[in-house]
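The values are calculated or read from the model by the stated rules, or taken from the named source; none is laboratory data. Remember, predicted model here, so these are calculated numbers, not experimental data. Reconstructed Cβ throughout: ideal geometry from the backbone, glycine too, with neighbour counts over all protein chains shown. These accessible areas exclude ligands, DNA and RNA; they are computed on the full protein's heavy atoms, side chains included. Shrake-Rupley method; radii C 1.70, N 1.55, O 1.52, S 1.80 Å.
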Amino acid sequence: QVQLVESGGGLVQAGGSLRLSCAASRRTFSYYVIGWFRQAPGKEREFVAASSWSSSSTYYADSVKGRFAISRDSAKSTVELQMNSLKPDDTAVYYCAAKQNYYSDNVERWTIWGQGTRVTVSS
């Protein structure tokens, strides 16, 4: 049963922007911490950004601070990731994920995952 669905990936030139969206079930959106991870070919999956269920706290990897912004839309039960000033190193499959209780940057602590959406940044 699909609980998280990502969309918005695509091809963009360096310096451009993309906006990813993660559609969640009402229950997951309301009671789980939701975040974004990414995985480049041949690399381990890494944390990108996360938001608490109340949106009172946000977290970002050092590599994306100042360029990416995470937000929640309660009306649509979606979590968005606005990505600006994209670099070729941002190329990866981006995954939406959720976990109980509180934020963690440890990938293994997140138990609910979407199918991923591919982002390709050309030079």
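Rolling a 1.4 Å probe over the heavy atoms of the protein chains gives the chain an accessible area of 55 Å² per residue.
The three principal axes of the C-alpha atoms in the range 1-57 carry coordinate ranges of 35, 26, 24 Å, sorted with the longest axis first.
Contact order normalised by length for the chain, with contacts defined as Cα pairs under 8 Å and 6 or more residues apart; what percent is it? Reported as a whole number, the value is 36 percent.
Taking every alpha-carbon pair within the range 22-123, the share separated by more than 20 Å comes to 32 percent. Dipole orientation for the chain: of the candidates 36, 77, 47, 77 has the Cα lying most toward the positive pole (charges on Cβ; Lys, Arg +1; Asp, Glu -1). Evaluated with a Cβ-only charge set (Lys, Arg +1; Asp, Glu -1), the chain carries a dipole of roughly 260 debye about its Cα centre, given to the nearest 20.
Of the accessible area of the range 1-106, computed with a 1.4 Å probe over protein heavy atoms only, carbon and sulfur atoms account for 44 percent.
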